[in-house]
1. What are the GluC sites (Glu not before Pro) within segment 325-399 that DSSP puts in a loop, where the Cβ has at most 15 other Cβ atoms within 10 Å?
2. Tell me the carbon and sulfur percent of the accessible area for segment 21-116, rounded to whole percent, probe radius 1.4 Å.
3. Going toward the positive end of the dipole of segment 1-129, with +1 on Lys and Arg Cβ and -1 on Asp and Glu Cβ, which of Y125, L108, F86 do you reach last?
4. If you roll a 1.4 Å probe over segment 234-315 with all protein chains in place, what percent of the accessible area is carbon or sulfur?
5. Whenever you get a sec, compute what percent of the accessible area on segment 341-497 sits on carbon and sulfur atoms (1.4 Å probe).
6. With labels modelled as points extended 7 Å from the Cα through the Cβ direction, what inter-label distance (nm, one decimal) is found for M402 paired with A142?
7. Pick out, in residue order, every one of the GluC sites (Glu not before Pro) in segment 48-101 that is DSSP loop and has at most 11 other C-beta atoms within 10 Å; say none if there are none.
8. Could you state the accessible area per residue of segment 40-125 in Å², with a 1.4 Å probe and every protein chain left in place?
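The values are calculated or read from the model by the stated rules, or taken from the named source; none is laboratory data. What you see is a predicted model, and the numbers here were worked out from it, not measured in a lab. Using ideal geometry, Cβ is built from the backbone for each residue, glycine included, and neighbour counts are taken over all protein chains shown. We work out accessible area using only protein heavy atoms, side chains counted, and drop any ligands, DNA or RNA first. Shrake-Rupley method; radii C 1.70, N 1.55, O 1.52, S 1.80 Å.
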Amino acid sequence: MEVTTENFKEVLPSILQAVERADFVAIDAEFTGLRRKETSRYCELDTIEERYIKAREAAKDFGMIQFGISAFRYIKEKSSYSHATFCFYLLGKTGDMLYYDNTSLKFLADNGFDFNKLFKSGLPYLSILEEAEKRGEFVNQALEPFPPSPVKVAEEKARKFLIETEEKIDALLEDESQEVLVLPGGTLPGFFRKLLYNNIAAKYKNILIRSLTTDQERNIEIRKFDSPEARLKFLEEERERKLDEKVGFTHVIRKVLESGKPLVGHNMMLDLLHLIQKTVQPLPDTLEQFKNVVKANLPTIYDTKLLAKDPPFCVDIPITSLGILYSELCGKFSPPDFIVEEGYESHSLSGGGQAHDAGYDAFMTGVCFITMVKKLDGSNWKNKSVIRSKHLSQFSSRLNNMNSHDIPFLNLVGPDVQTDRSRIFCVDCPAEWNVGNVHGLFNMMKPIKIVWVSSTFLYVIPPEDIDKSGCKQYLKGIQASCPPMVRVRLYGDTLSVKRKSQSDDASPGVEASASRVHEYKRLKSVGSDQLSKMTLESPSMEEVPPIYANANDNGKRMKTNQDAATDGVFAIPDEWYEIPDREGRPHIVPLVLALFIFFKWFW
């Protein structure tokens, strides 16, 4: 059943009842995009904290435009499962500024997504936290408008409108069968509206004048009351009704969370983060805080992707995307009977649904979950609902961590998998490097797995039979053969590793890195009588010049005749010449400073 603003109020009670009666609730969601920045792309060697941060960014940046719920209930007498499925179109909060990815929207359009229905009849939502804040604001909000101040009426047309309106209101007050008077507002001048809100409202105490949009036209509604108390009660109910409309879809999520029924999804990390961000509270900054939010608000969670990656299913079904998993499970593992819950709408195993429709995906997820747990339970599956299976304990509240090398899941209620990545090589390289260059550098170990993080950084995963000590031995040879601009270290090493160039003399065609090779200049002459002739010259690439003239083989400065002549007047300590720069070379600044002082002394 598709749910929009046109039928939400009517079907909401039946939705809440279906959730209340269910053994578990399968969910699925569709979004306007998956990642906004290149840095948000998943990497196989993301830490679990990094993966959460990337998923959190996606949940904050993009919209959740469709949400599917399929409520499953076991009927023991029939050894079958009843189900009711709902597909909600979600427009979100008024004024929300969200990103969208053209590729994602085209993908949804190609799979039959109705964007006209979304923008015309999509449901609003507020988070539970936002709803609580709105209700807190009610305490300081006045329901009654400020007392109106009548305005002077000089124009004949305005006087006539005022008299006619008063006559209509008098008739309304005398007619017991009528409670509301509606004045067409399409052609009503602004001044006439002001007369209604000021002059008419000041004359009649037990009426309420307000603007009301009906049939896409902004009209004026005048409603009468028996007493000021009745008017105040109506205003309170109206305020509550408007807030309920803004809460919208969150009414359903609140019921799901309060019911404590387990949630089932397929590869559901993004689904869950979007659900929390949009309908519960903003996602916290850290993974540990997120886990606390989950513990405080969500019931038990099961991810069918994790079940499918375990035996016996991973043996027979190597590809575990939802559509393929559903088809393979239905064909190979004999699912139980499924019947549509009486009085509801849903799908059937015979087909007819559209993949990537959130409602149908939620239904397929529920069928996959039941079929896999039925297989794990064996012949005892008929004795109870699958949600009570002992085999589910190892999958409880764990989310599949897709495309990860060594962290298969995110544990929502406990510690995460601790990994040892000390065998993995980290490589800084030029942007021009490709796979061939990497294989050439690591030619002594085969096969290797290359994981690119960016154009200038990558990981190399060695074969399984090479342990940590072996990797350290290989590292020495690799570092010795590193070309310029390439650094290699092992994962977790905090000290920067200096690369060794191919030779001490660089060829003229080799470009130096601006970030790692500092250009420097040298003085051709430092004599006090030759300061006017002082020039700067770039060093040659063939031979690195000393920082100062008259240096001996050890880099120490030797005294000149000019130095001897000025020994009694001004002496520069030798250690001034030995202050190194960041790369360990003597620095030119102290020498220049000394020469400046010397020159100024004798000026």
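1. On the way: sites: E328, E341, E342, E345; in loops: E341, E342, E345.
Loop-located and lightly packed - E342, E345.
2. Taking all protein chains in place, segment 21-116 shows 49 percent carbon and sulfur surface.
3. With unit charges placed on the Cβ atoms, the residue in question is Y125.
4. It is 48 percent, rounded to a whole number.
5. 49
6. If labels sit at M402 and A142, their model points lie 5.4 nm apart.
7. Working: sites: E49, E50, E57, E77; in loops: E77.
Passing both the DSSP loop test and the Cβ count: E77.
8. So segment 40-125 comes to 44 Å² accessible per residue, rounded to a whole number.
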